[in-house]
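These notes concern the structure reproduced below.
The values are calculated or read from the model by the stated rules, or taken from the named source; none is laboratory data. Predicted model, so just to flag it, every value in this text is computed and none were measured. In this analysis, Cβ positions are derived from the backbone assuming ideal geometry, glycine residues included, and neighbour counts consider all displayed protein chains. Just so you know, the surface numbers come from the protein's heavy atoms only, side chains and all, with ligands and any DNA or RNA stripped out. Shrake-Rupley method; radii C 1.70, N 1.55, O 1.52, S 1.80 Å.
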Amino acid sequence: MSQVQPFTQVNAFTDRPFAGNPAAVCLLPSAREAEWMQLVAREMNLAETAFLVRDGLNFQLRWFTPTVEVDLCGHATLASAHALWEGGHLAPDEAGRFQTRSGLLTAERRDGLIWLDFPSTPPISAEPPVELCDALGVSLRYVGRTPFDYLVEVDGEAAVRAVAPDLAVLARIPVRGVIVTGRAESPGQDFVSRFFAPAAGVPEDPVTGSAHCALTPYWAAKLGRSELVGYQASARGGIVRVRLTGDRVQLGGHAVTVMRGELLA
């Protein structure tokens, strides 16, 4: 008989249900094979499914889209920390410590938010591939490469919201995804963005914490401030508060549990 595996579905980078970015969180009693985790992620059919195994004071953490395992994911880490606190697996004032493909990541509660400590991944100016220009079909003010993605700046918030990329063409570019960003026009926000990752099985990600590891140093340099507010202008939308601290980025946001269930396979 198959072991019953509980899971929690959390909306990250939002303070209300059915917004932000949904992630499934599975706290496993012991490590499982990657093939099983990938099948579960495909079944969940969310941007990310997170799998955790306690390892002393830390948790081993892996992230899967419906098609691939990824090296860094912000919203599913935030969702994982939220689920651990809510489930009593972390004390209310205890930090979450996660061993991942991107090293040790931490989460703590401060000022009514969950704050993640992530590596900064600033973009380096790059010549855009023809496919990138063709797929986006808009004027590009800046193009840079990060360890994972292309980052492109366009002419402001309206241009970001209006982008309708050719996802089939984007999927042929050998990167995880493409970050499209522009200066915010809405009060209380500094920059807006959208994130497309069809090659990783995520046509448009609702709110992408790891993309803000690149957006934070980029906009901090342009705006001359280390603390900023980003809005990801997907259909669901979400706010990411960011702080640049040396070679690290602090990502702050809310999370809301929307579902609990059991895997029977």
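P(r) tail for segment 23-62: Cα pairs beyond 12 Å make up 57% of the total. Taking the Cα centre of segment 131-265 as origin and assigning +1 to Lys and Arg Cβ atoms and -1 to Asp and Glu Cβ atoms, the resulting dipole is close to 320 debye. For the pair GLU131 and LEU263, the difference between a 0.36 nm per residue extended length and the Cα-Cα distance amounts to 43.5 nm.
Per-residue Karplus couplings for segment 108-124, computed as 6.51 cos²θ - 1.76 cosθ + 1.60 with θ equal to phi - 60°, are listed in order as 9, 8, 8, 6, x, 10, 8, 10, 9, 10, 10, x, 7, 10, x, x, 10 Hz, Gly and Pro entered as x.
Of THR216, LEU151, ALA184, which is farthest along the charge dipole of segment 144-265 in the positive direction, counting Lys and Arg as +1 and Asp and Glu as -1 at C-beta? The residue sitting farthest along the positive end of the dipole is THR216. Taking the Cα centre of the chain as origin and assigning +1 to Lys and Arg Cβ atoms and -1 to Asp and Glu Cβ atoms, the resulting dipole is close to 240 debye.
Axis angle, to the nearest 10 degrees, between helix 75-86 and the longest C-alpha principal axis of the chain: 30 degrees.
Using the alpha-carbon centroid of each, what span in Å lies between segment 237-265 and segment 8-70? So the two Cα centres are separated by 12 Å. Relative to the longest principal axis of the Cα atoms of the chain, the long axis of helix 212-223 lies at roughly 40 degrees. The listed residues ARG110, ARG194, ARG172, once ranked by accessible area (1.4 Å probe) with the largest placed first, stand as ARG172, ARG110, ARG194. For the chain, DSSP calls about 80 percent of its internal beta bridges antiparallel.
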